[in-house]
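Chemist: Okay, handing you the structure first.
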Amino acid sequence: MMTVNELQKLSRNVRAETLRAITEAGSGHPGGSLSATDILITLYWNVMRHDPRNPGWPDRDRFILSKGHAAPALYTVLAEQGYFPKDQLHHLREHNSMLQGHPDATRTPGIEVSSGSLGNGLSVASGIALALKLDGKSSRVYCLLGDGECDEGLVWEAAMFATHKRLDNLIAIVDRNGLQIDGPTEKVCGLEPITEKWRAFNWNVICVNGHDYNQLIDAFLEAKKVAGKPTVIIAETIKGKGVSFMENVVGFHGKPTTPQELEVALKELEAD
Amino acid sequence: MSMKATRDAYGEWLVEAGKINKDIVVVDADLAESTKTILFAKAYPERFFDVGTAEQNLVDIAAGLAIGGKRAFASSFAYFLTGRAWDQIRNIVAHDNLNVCLVASHGGFSATSDGASHLAFQDIALMRVIPNMRVVIPVDAEETKSVLDAALKEGGPFYIRLRRDKEPILQKPYQFKLGKAETMKDGSDVAFVSSGAMVDTTLRAAALLKDRGVDARVLNVHTVKPIDGDALVLAARATGSVITVEDHSVYGGLGGAVAEILSESYPVPVHRVGVPDVYGSSSRSVDALLKEFNLMPDQLVESAERVIQKKRN
């Protein structure tokens, strides 16, 4: 467990390393990586039961990155945690690298299931949660979705199934940064009212500021107490969070920062 | 000759296997009565999950169960399973090499009266192109159980294509072995290569040919992937001409696979009989559809004679 101050300090470092890796790779998805960073840090440092030296530990909590394009942020977090050497971050998206453009469970320690084709994570997470229940295990399954990803019908197939099976060991987080590739989510294909949608599917819904560590920690604590239904945390976030010229800019969804932009970004992250 | 549907054999096998192996779980998408997973559901309700009419969820739930250490069997009709959930099969089940057996009922001409939406003529092509996927079409109800035994033992992703109707249990001069094509009848003039329900049809065609003095070999390629290239070359070498017969599109299925192998390894005239580039349509009789696509034994005799002629030219 880390203090909020420590988490905030760490988050600046993770954001910097994430951008460095994307810039070096020359392609990737910085916007959604930065919006998800604080959620990932909260989970890996203060919420989940896991052991980087033993990624297959049967009693671990599981994390599934359904919005696979935020892989660089997850890789940085996993490297910081010690799942693999930090040096690997320099090889993001390289030919045959351990760190593929999108999460690959067959190559990267700490990745439970491959993702990249949107909409699958919550459904797979539900299957894992079901298996854990069958085995009488107390582990939980955490699944991070993008808000644009909620356009996928499969997300709602899983949402229906998870409540039907009373999967209270399943906790979804929606990274509600409001932007997808073609523009604001509400202009592309409106998701609102998104909290009411999840409530209508009979989920326990918690809304938080996805960059406020106190709120995130409290939300996960509350989710752990809920019995009989799954919880979804709608985390209001800012795409590109932490770097002023990237914040709320649609273009940084899938465009890497240039070396010059990286320099400016790093100055800002280090100055905070 | 005793008759039994391959899907019935599947339901029975699940109950038997589920008794011994407690890790076996079954997922269905609102078709448990038709796919026969209902038998498992009744025997072990705590290990059976019905996701409703949601095939993408069907496959991903099975994937999650497999990641959680279970041996998952996911079932639906052949088209819905492969067509509606292709992304989940490609990106999760096969990519991550999970212990998921996709067992489809209503392959080929099983869904004749339902028409184009249900007639699965593309499923083998859809599955064959996916890395790590093994594709098997049991010849009858007996072989179905052997295939399922092998899939459970082997582990990893499988697509097993079954059928609705009662069919004869064939006399087989071999013990089923995954990946090994088997000779049902020896012959030296032409080789029929088929799988599933079409093997019986080709045996009938071979019998008709015998009356006309033509010695036709019949090969059962139950495992379409990984395909037994050696057996195909051996048959081509022995007969000099090959006819593939399938209840599937002539594109991308068994015919395509055989042509790929022989064109590179031992080119001989190959004639592919199956569904041309069209949709199926409703019919009250399977025979009417089979006839439309030249898949009746007497029509196969004509095809055989044509390909033998080609060999001579």
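The values are calculated or read from the model by the stated rules, or taken from the named source; none is laboratory data. Here the structure is a predicted model, which is why all the values come from computation and not from measurement. Neighbour counts run over all protein chains shown; Cβ positions are idealised from the backbone, glycine included.
Chemist: Might you let me know whether region A:150-166 holds any residue that is at pLDDT 95 or above, part of a loop (DSSP other than H, G, I, E, B) and crowded, with 24+ Cβ neighbours inside 10 Å? Let's see the steps before the verdict.
Modeler: Step one: list which residues in region A:150-166 are at pLDDT 95 or above, which gives A:150-166.
With part of a loop (DSSP other than H, G, I, E, B) added as a condition, the list becomes A:152, A:165-166.
Keeping just the survivors that are crowded, with 24+ Cβ neighbours inside 10 Å gives none.
No, there is no match, as no residue in region A:150-166 is at pLDDT 95 or above, part of a loop (DSSP other than H, G, I, E, B) and crowded, with 24+ Cβ neighbours inside 10 Å.
Chemist: Going through B:A32, B:A54, B:A43 one at a time, which residue ends up being of a type in the set (G, A, S), farther than 27 Å from A:G119 by Cβ and either in the same structural domain as B:R71 (by TED's automatic domain parsing) or in contact (Cβ under 8 Å) with a residue 40 or more places away in the chain (or both)?
Modeler: Working: B:A32 fails: farther than 27 Å from A:G119 by Cβ; B:A54 fails: farther than 27 Å from A:G119 by Cβ.
When all the criteria are applied, what remains is B:A43.
This table checks each residue for (1) closer than 19 Å to B:E182 by Cα; (2) in contact (Cβ under 8 Å) with a residue 60 or more places away in the chain.
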position: B:L219; (1), (2): yes, no
position: B:D228; (1), (2): yes, no
position: B:V242; (1), (2): yes, yes
position: B:V245; (1), (2): yes, no
position: B:G252; (1), (2): no, yes
position: B:S263; (1), (2): no, no
position: B:Y266; (1), (2): yes, no
position: B:D287; (1), (2): no, no
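Chemist: Let me ask something additional. In this structure, does B:E46 turn out to be more than 21 Å from B:V139 (Cβ to Cβ), part of a helix (DSSP H, G or I) and of a type outside the set (V, I, T)?
Modeler: Working: more than 21 Å from B:V139 (Cβ to Cβ): yes; part of a helix (DSSP H, G or I): yes; of a type outside the set (V, I, T): yes.
Yes; evaluated as a whole, the condition is true for this residue.
Chemist: Could you grab me the full set of residues in region A:224-256 that are outside any loop (DSSP other than H, G, I, E, B) and either among the charged types (D, E, K, R) or buried (at least 23 other Cβ atoms within 10 Å of the Cβ) (or both)? First the steps, then the outcome.
Modeler: We begin by selecting, within region A:224-256, every residue outside any loop (DSSP other than H, G, I, E, B); these are A:224-225, A:231-236, A:250-252.
A:K224, A:K225, A:T231, A:V232, A:I233, A:A235, A:E236, A:F252, listed by residue number.
Chemist: Residue check, A:L92 against (1) among the aliphatic types (A, V, I, L, M); (2) over 28 Å from B:F48 (Cβ atoms); (3) within 13 Å of another protein chain (Cβ to nearest Cβ), all met but one. Which one?
Modeler: Failed condition: (3).
Chemist: Could you give me the residue pairs with C-beta distances under 9 Å whose first residue belongs to region B:63-77 and is more than 7 Å from every other protein chain (Cβ to nearest Cβ) and surrounded by fewer than 24 Cβ atoms within 10 Å (Cβ to Cβ), whose second residue is modelled with pLDDT of 95 or more and part of a strand (DSSP E or B) wherever it lies, and which are 6+ apart or on separate chains?
Modeler: The qualifying pairs are B:R71/B:I24; B:R71/B:V25; B:R71/B:V100; B:R71/B:C101.
Chemist: Out of all the residues in region B:32-54, which are away from chain A (no Cβ under 12 Å), touching a Phe, Trp or Tyr at 6+ places or on another chain (Cβ under 9 Å) and among the charged types (D, E, K, R)?
Modeler: B:K36, B:K42 - these are the residues of region B:32-54 that are away from chain A (no Cβ under 12 Å), touching a Phe, Trp or Tyr at 6+ places or on another chain (Cβ under 9 Å) and among the charged types (D, E, K, R).
Chemist: For region A:1-39, name all the residues that are farther than 21 Å from A:E261 by Cα, among the aliphatic types (A, V, I, L, M) and out of contact with any Phe, Trp or Tyr (no Cβ under 8 Å at 6 or more places or on another chain).
Modeler: A:I39
Chemist: Would it be correct to say that A:D212 is of a type in the set (D, E, K, R) and in contact with a helix residue (DSSP H, G or I) (Cβ under 7 Å, 6 or more places away or on another chain)? Walk me through how you get there before you give the answer.
Modeler: On the way: of a type in the set (D, E, K, R): yes; in contact with a helix residue (DSSP H, G or I) (Cβ under 7 Å, 6 or more places away or on another chain): no.
Here the answer is no, as A:D212 does not meet what is asked.
Chemist: Can you name the number of the only condition in (1) at pLDDT below 95; (2) over 30 Å from B:R212 (Cα atoms) that B:K180 fails?
Modeler: With (1) at pLDDT below 95; (2) over 30 Å from B:R212 (Cα atoms) applied to B:K180, the lone miss is (1).
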